[in-house]
Structures are given as structure tokens and as C-alpha cells.
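Asker: Quick one: the structure is below, and I'll ask about it shortly.
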Amino acid sequence: MEGFMNGIHRISVWVLRLMYVNLLWLVFTFLGLVILGLFPATTAMFAVVRKWVMKQDIYVFQTFWTVYKSEFIKSNWVGLILIALGSFLYSNIKIIEVISMPILKLLYIPNVILILIFLLTLFYIFPVLVHFHVGVKGVIKNAVILMTINPIATLIMAVFTGIFFFITFKFPGIIPFFSGSVPAFLLMTLCNYTFTKYQKSD
């Protein structure tokens, strides 16, 4: 009975943790007027979750606020590049769809592959941003490399993320409480395992 109650207590603590950091993520996203707040808030959320994954005791708000301020410019640069790349790839697909020349239609499949690579790379962007002390170019480069050399982990990330967003689609009431924190925890846990594995191999 004591073990059962301890289990319930641990689950309750994690639920409250994830709810709290998710609310911070939403609040600070809107404080930055969404456009300027989303990427710093997401970076700060991943930084907090990383500390939990590494079993470090922290003051959540203090850690979140410190990372939000210190990574504000860098994370927004990363976000700007991602938006630009995503928009470029999306525009290419739309242009190819309306072009009548059959030979240019052959570009459709390579562009779809590039979009898939881009989407899978997104899983690693924020974990790399909060784990490694590298510049904007290094964040994107390392994310692409890690996505490429870890196909199994990347596939697991895609499956777990897909399942979670399917659940949020069915139960939208959980969006204000877990829409960012749960995916961040799942991605950071898998990425931390990958980081540890490759740092040991070095």
C-alpha cells in the first residue's frame, strides 16, 4: 500500500511539473507577442525539462526566466531560419503542383523527401540548442547530423509525437496544460539518451 501511494505521489508531482512549465511556455510565448516569444519560450521549456531528465533539482521559474532572457536572440534567429526553410520548401511543393510540364513534376518526390528531412530535424533543434554550446549554424548542423545517424530514435520520436497530437486532437482540453511540455519531455528524454551515448563513444 505504501509503495502504491508513493507511486501516486510521484505521478502527481510529474503531472504538476508538466502543467506548470506548459503554462509558463504559453504565458511567455504571449508576452513576446507570439512571434518573438514562441522560440525563446520553447527553448526555456526544453532547458527546464532537460534538467529534470538529468535528475537535477532546480527552481523552475528562475531557470525558465534565465534561459528565456539569455537565449532570446539566438533562439529567434534559429526560429527565423526554420520558418524561412519551411516556407521555401512548402512554396516549392505548391509551385510544382501547378506546373504543367511533366519533366518538372519529377521534382515533386525530391521535395517531399526534403520536407520529411526538415520535419524530422525539428525534433532535435531545441534539445541541441539547450544541450550544446554552439552557435545558430551549429544548432542546425548538429540537429541534421543527429537526425541522420539515429534513424531508430528519430522514428520513435515521430511515433510518440504523432500519438500525442492524436490524443490532443481527441481531447483538446489538455492543450493548455500539456501541449508543449509532454512532447518536450519525450523528445528531451530520447535526445538525452542519444547525447550520452555519443559522448561516451567519443
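Asker: What ³J(HN,Hα) values, in whole Hz, does the Karplus curve 6.51 cos²θ - 1.76 cosθ + 1.60 give for segment 62-78 when θ = phi - 60°, with x put for Gly and Pro?
Answerer: My calculation for segment 62-78 gives 4, 5, 4, 5, 4, 5, 4, 6, 5, 9, 4, 6, 4, 5, 6, 5, 4 Hz in order.
Asker: Moving to a separate point now. At a temperature of 4 °C and a viscosity of 1.567 mPa s, determine how fast segment 8-68 diffuses translationally according to Stokes-Einstein, using the Kirkwood radius over alpha-carbon pairs as Rh; express D in µm²/s, rounded to the nearest whole number.
Answerer: Calculated translational D: 111 µm²/s.
Asker: Relative to the longest principal axis of the chain, what angle (0 to 90°, nearest 10) does the C-alpha long axis of helix 136-149 take?
Answerer: 90
Asker: Separate question: Compute the Cα gyration tensor for segment 141-186, then decide on rounded, prolate or oblate, letting a ≥ b ≥ c be the square roots of its eigenvalues: rounded whenever a/c is under 1.5, prolate when a/b is larger than b/c in the other cases, and oblate in all that remain.
Answerer: prolate
Asker: For the pair K105/K69, report the inter-label distance in nm, with labels modelled 7 Å from Cα in the Cβ direction.
Answerer: Rounded to a tenth, the inter-label distance reads 5.8 nm.
Asker: In whole Hz and in residue order, list the ³J(HN,Hα) couplings for segment 123-133 that follow from phi through the Karplus curve 6.51 cos²θ - 1.76 cosθ + 1.60, θ = phi - 60°; x for Gly and Pro.
Answerer: Values per residue, Gly and Pro as x: 4, 9, 4, 6, x, 5, 4, 8, 9, 10, 8 Hz.
Asker: For the chain, what is the number of Lys pairs with C-alpha distance below 30 angstrom, counting only pairs 8 or more positions apart or on separate chains?
Answerer: 27
Asker: Continuing with the same structure: Using a 1.4 Å probe on the protein heavy atoms, what percent of the accessible area of segment 15-114 belongs to carbon and sulfur?
Answerer: 77
Asker: If I take R0 = 25 Å and measure r between the Cβ atoms of I11 and I156 in this structure, what FRET efficiency does the formula 1/(1 + (r/R0)^6) give, to the nearest 0.05?
Answerer: 0.65
Asker: Now, a different point. Can you list residues whose amide H is under 5 Å from G37's amide H, if they're 5+ apart or on another chain and H is modeled 1.01 Å from N?
Answerer: G32
Asker: Between F169 and F88, 0.36 nm times their residue separation minus their Cα-Cα distance comes to what?
Answerer: My answer for the length gained is 26.4 nm.
Asker: Still on this structure, I have one more. Could you work out the Kirkwood radius for segment 1-135, taking every pair of different alpha carbons, averaging 1/r and inverting it, reported in Å?
Answerer: 17.4
Asker: Express the C-alpha Rg of segment 115-202 as a ratio against the empirical globular expectation 2.2 N^0.38 Å, rounded to two decimals.
Answerer: 1.13
Asker: Taking only C-alpha pairs under 8 Å that are 6+ residues apart, what is the relative contact order of the chain in percent?
Answerer: Answer for the chain is 27 percent.
Asker: Rolling a 1.4 angstrom probe over the protein heavy atoms, how many square angstrom per residue are accessible across the chain?
Answerer: 61
Asker: Based solely on its DSSP helices, what 222 nm [θ] is calculated for the chain when runs of n ≥ 4 H residues each add -39,500 (n - 2.57) and the sum is averaged over all residues, nearest 500 deg cm²/dmol?
Answerer: Value at 222 nm, helices only, nearest 500: -28500 deg cm²/dmol.
Asker: Here is a follow-up. If each of L122 and T148 carries a label point 7 Å out from its Cα toward its Cβ, how far apart are those two points in nm?
Answerer: 2.1
Asker: Ordered by packing density, taken as the mean number of other Cβ atoms within 10 Å over each peptide's residues, highest first, how do 68-76, 159-167 rank?
Answerer: 68-76, 159-167
Asker: I would also like to ask the following. Return the carbon/sulfur percentage of the accessible area of segment 124-202, one whole number, probe 1.4 Å, all protein chains in place.
Answerer: Result for segment 124-202: 76 percent of the exposed heavy-atom area is carbon or sulfur.
Asker: Shape call for segment 56-202 from the C-alpha gyration tensor, a ≥ b ≥ c root eigenvalues: rounded (a/c under 1.5), prolate (a/b greater than b/c) or oblate?
Answerer: prolate
Asker: In debye, nearest 20: dipole of segment 6-75 around its Cα centre with unit charges on the Cβ of K, R (+) and D, E (-)?
Answerer: The dipole of segment 6-75 has a size of about 160 debye.
Asker: Now, a different point. How big is the dipole moment of segment 1-138 about its Cα centre under a simple scheme where the beta carbon of each Lys and Arg is +1, that of each Asp and Glu is -1, and everything else is neutral? Debye, nearest 20, please.
Answerer: That gives segment 1-138 a dipole magnitude of about 160 debye.
Asker: Would you work out which of F166, T66, F177 lies farthest towards the positive end of the dipole of the chain? Charges go on Cβ: Lys and Arg +1, Asp and Glu -1.
Answerer: T66
The values are calculated or read from the model by the stated rules, or taken from the named source; none is laboratory data. Fair warning: this is a prediction, and the values are worked out from it, not measured in the lab. In this analysis, Cβ positions are derived from the backbone assuming ideal geometry, glycine residues included, and neighbour counts consider all displayed protein chains. Areas reflect the complete protein model, heavy atoms only, side chains present, ligands, DNA and RNA absent. Shrake-Rupley method; radii C 1.70, N 1.55, O 1.52, S 1.80 Å.
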